[in-house]
Amino acid sequence: MKRVEIQIMIVSHGIQEFQKLENAVVTSGTFDGVHLGHQKILKRLKEVADQNGGESVVITFYPHPRSVIASEAQTVKLLSTLEEKIALLEQNGVNHLLIIPFTREFSELTSEEFIQKILIDSIGTKKLVIGYDHRFGRNREGGFEYLEKNAGKYGFKIEEISRQDIENVGVSSSKIRKALSEGDVRTAEHFLGRKYAISGLVVKGKQLGRTIGFPTANVQVREISKLIPADGVYAVKVIYNEQSFGGMLNIGNRPTVDGTFQTIEVNIFDFNQDIYGENLTIEFVQKVRNEQKFNGLEALKEQINKDKELIKEILN
């Protein structure tokens, strides 16, 4: 089996940490989820950097721009936490990641100021690779046409990844968010190129699962902006200590028991360890049913037994 070498990526939190480069090949964007469309841009970025003897640079923003400039009702739920995004970009062979703190003040930079202050003065951009619909600067005023028109003035080359190239992949972060909000984790996996995952700490719950023979780990996701798929019962893979286990997961408010607030509980198959306070990663394989209210614990137990059989078949 071929071993994949992951090059160590240099991460800079803010332009003051970034060391200006001689030959920077740059792209920028939110890269939420680092899905197949993003991966296409990153692949081209790496190719251009290699061809020109340069170093690849990704500029991204934290928090997500929409969470700063949108109203509360429009706050976006994220496919990847900052930690996850960093790991995914590194896996895609990026040399440098510049994370710019996104503030209202930063959002007021004009496209000219963004190009001069960030791309030229701070990074030393020699080539910029952008998707056909990428916009930047105040009110998203800057784009490929502006850059092309002013290329001579700024002294770097621009490459646009065509609309057709991006649309052939047919993917967007909003399509993935929609699929997950409907519990369609298979579509999300298709667009991401990997299973959608959440991570969190195992915390003490009411331990009712034990009383019906299905002890569960109650998972608390740290990042409140992370998108949790729709309520329901799922076939999942659970990663603990770099080992993978099968499991069944319930997201919901447990209407048979109390119905008060949402919990994320996973029953890990063939597992008998005390993991309170430990971190788990849960990869979604398939939704098997919606959450429902049963007439008492016996009926719930009967259904969970059926769920377990079905999920074992799915995972096998």
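ILE166 meets each of the listed conditions (1) modelled with pLDDT under 75; (2) not in a helix (DSSP H, G or I) apart from (2). For the condition surrounded by fewer than 17 Cβ atoms within 10 Å (Cβ to Cβ), in contact with a helix residue (DSSP H, G or I) (Cβ under 7 Å, 6 or more places away or on another chain), outside any helix (DSSP H, G or I) and not aliphatic (A, V, I, L, M), PHE294 qualifies. If only residues of the range 32-60 that are among the basic types (Lys, Arg) and within 28 Å of LYS77 (Cβ to Cβ) are counted, the one that is farthest from the chain's Cα centre (by Cα) is LYS43. Please go through the range 100-129 and give me each residue that is under 19 Å from ASN23 (Cα atoms) and outside any helix (DSSP H, G or I), ordered by number. Residues satisfying the conditions are GLY124, THR125, LYS126, LYS127, LEU128, VAL129. The single condition among (1) at pLDDT below 95; (2) touching a strand residue (DSSP E or B) at 6+ places or on another chain (Cβ under 8 Å) that VAL11 does not satisfy is (1).
Count, please, the residues in the range 301-316 that happen to be surrounded by 17 or more Cβ atoms within 10 Å (Cβ to Cβ) and in contact with a Lys or Arg (Cβ under 9 Å, 6 or more places away or on another chain). Final tally of qualifying residues: 1.
Taken as a whole, the structure leaves THR281 outside the set of residues that are within 26 Å of ALA179 (Cα to Cα) and either of a type in the set (Gly, Ala, Ser) or modelled with pLDDT under 95 (or both).
The single condition among (1) modelled with pLDDT of 95 or more; (2) within 28 Å of ILE100 (Cα to Cα) that TYR146 does not satisfy is (1). Could you list, in sequence order, the residues of the range 78-89 that are buried (at least 17 other Cβ atoms within 10 Å of the Cβ) and acidic (Asp, Glu)? GLU84 - this is the single residue of the range 78-89 that is buried (at least 17 other Cβ atoms within 10 Å of the Cβ) and acidic (Asp, Glu). All of THR75, THR103 fail the test of being touching a residue at least 60 places away in the same chain (Cβ under 8 Å) and surrounded by fewer than 16 Cβ atoms within 10 Å (Cβ to Cβ), apart from THR75. The number of residues in the range 70-90 being part of a loop (DSSP other than H, G, I, E, B), of a type outside the set (A, V, I, L, M, F, W, C) and modelled with pLDDT of 80 or more comes to 3. Restricting attention to the range 184-211, the residues that are assigned to a strand (DSSP E or B) and modelled with pLDDT of 95 or more total 6. Do we find a residue being surrounded by fewer than 16 Cβ atoms within 10 Å (Cβ to Cβ) and of a type in the set (Asp, Glu) anywhere in the range 29-42? The answer is no, given that none of the residues of the range 29-42 is surrounded by fewer than 16 Cβ atoms within 10 Å (Cβ to Cβ) and of a type in the set (Asp, Glu).
The values are calculated or read from the model by the stated rules, or taken from the named source; none is laboratory data. Values in this document were obtained by computation on a predicted structure and should not be read as measured data. A quick note on method: Cβ atoms are made from the backbone with ideal geometry, for glycine too, and the neighbour counts reach across all protein chains shown.
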